[in-house]
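K.L.:
Have a look at the structure that comes next, please.
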C-alpha cells in the first residue's frame, strides 16, 4: 500500500500536536497511530558508534516519550481516538485542549533530524576558535538548522574538533548531542 498524499481540501483543518507516551513507547505509539491513518513524527537520528573493533548503527531518540501527530484538533472523536491509543499517556496542552505545534517548528525539527543524522555519519574535523569548557551554556549562531537554539556543551572542546552540544528543546535537554562547529557557538553569560 502506497502512502497517500493529502489534497489541499483534505489538508485544511489539520494541525500538528504533541503527545506524551508511556516510557520509551514512542515508536510503538507512532506505528499504531500511523496504522489508524495519522501522520506521525518520532524525532530519532541514526548514529554510528564504535564498539570495540566494530562500527554499530544505533537509533537515538531526541524527544524520548513524545510523538508529533498531525490531525484535526477540532474533532473530539479524533482526539479521543488518539488519547485511547495504547501507550499514549496524554496530549500536551492546556486542560483537555491540545497545544498546536506550528508547521515552522515541524520543518525545523525535520531539518534537525536530517542534519544530525548527516553529522553523525561523517567525522567532522574543523578548527575551533578557542578551548570551550564542558557544561558551558551556549547559543548556536551562523547559518545552520540549529541557529538560534540554546544548548549545553557536553565536553571540553579541543582545537580542530567539533563541539558536542546537548540542545535545549522545549526547555528540556535532547537525549542525543549534536556536533557543531565551535565557530558557530556563542557562550551565554547570565
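K.L.:
Run residue 154 past the list (1) buried (at least 19 other Cβ atoms within 10 Å of the Cβ); (2) over 14 Å from residue 188 (Cα atoms); (3) within 19 Å of the chain's Cα centre (by Cα) and report the number of the one that doesn't hold.
P.N.:
With (1) buried (at least 19 other Cβ atoms within 10 Å of the Cβ); (2) over 14 Å from residue 188 (Cα atoms); (3) within 19 Å of the chain's Cα centre (by Cα) applied to residue 154, the lone miss is (1).
K.L.:
Among the residues of the range 136-166, what is the count of those that are in contact (Cβ under 8 Å) with a residue 40 or more places away in the chain, out of contact with any helix residue (DSSP H, G or I) (no Cβ under 8 Å at 6 or more places or on another chain) and assigned to a strand (DSSP E or B)?
P.N.:
Number satisfying all stated conditions: 3.
K.L.:
Related question: I'd like to verify a number: residues in the range 170-190 that are part of a loop (DSSP other than H, G, I, E, B) and either in contact with a helix residue (DSSP H, G or I) (Cβ under 8 Å, 6 or more places away or on another chain) or at pLDDT below 80 (or both), how many? Spell out how you get there, then give the answer.
P.N.:
Quick first cut of the range 170-190, residues part of a loop (DSSP other than H, G, I, E, B) only: 170-171, 174-177, 181, 188-190.
Next, only the ones that are either in contact with a helix residue (DSSP H, G or I) (Cβ under 8 Å, 6 or more places away or on another chain) or at pLDDT below 80 (or both) stay: 170-171, 174-176, 189-190.
Count: 7.
K.L.:
Residue 94 versus (1) touching a strand residue (DSSP E or B) at 6+ places or on another chain (Cβ under 8 Å); (2) at pLDDT 85 or above; (3) within 29 Å of residue 24 (Cα to Cα): which is the lone unmet condition?
P.N.:
Among (1) touching a strand residue (DSSP E or B) at 6+ places or on another chain (Cβ under 8 Å); (2) at pLDDT 85 or above; (3) within 29 Å of residue 24 (Cα to Cα), residue 94 violates only (1).
K.L.:
Additional query: Looking only at the range 106-118, count how many residues are in contact (Cβ under 8 Å) with a residue 12 or more places away in the chain and surrounded by fewer than 19 Cβ atoms within 10 Å (Cβ to Cβ). It would help to see each step written out before you state the result.
P.N.:
Start the filter on the range 106-118 by keeping residues that are in contact (Cβ under 8 Å) with a residue 12 or more places away in the chain, which leaves 106, 108-117.
If we keep only those that are surrounded by fewer than 19 Cβ atoms within 10 Å (Cβ to Cβ) as well, we get 106, 108, 110-111, 113-115, 117.
Adding up the residues that qualify gives 8.
Listed here are the residues, each with its yes/no results for (1) within 26 Å of residue 40 (Cβ to Cβ); (2) modelled with pLDDT of 75 or more.
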position: 120; (1), (2): yes, no
position: 124; (1), (2): no, no
position: 135; (1), (2): no, yes
position: 149; (1), (2): yes, yes
position: 163; (1), (2): no, yes
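The values are calculated or read from the model by the stated rules, or taken from the named source; none is laboratory data. Just so you know, these numbers come straight off a predicted model, no measurement behind them. Positions of Cβ are generated from backbone atoms using ideal geometry, with glycine treated the same way; all protein chains shown enter the neighbour counts.
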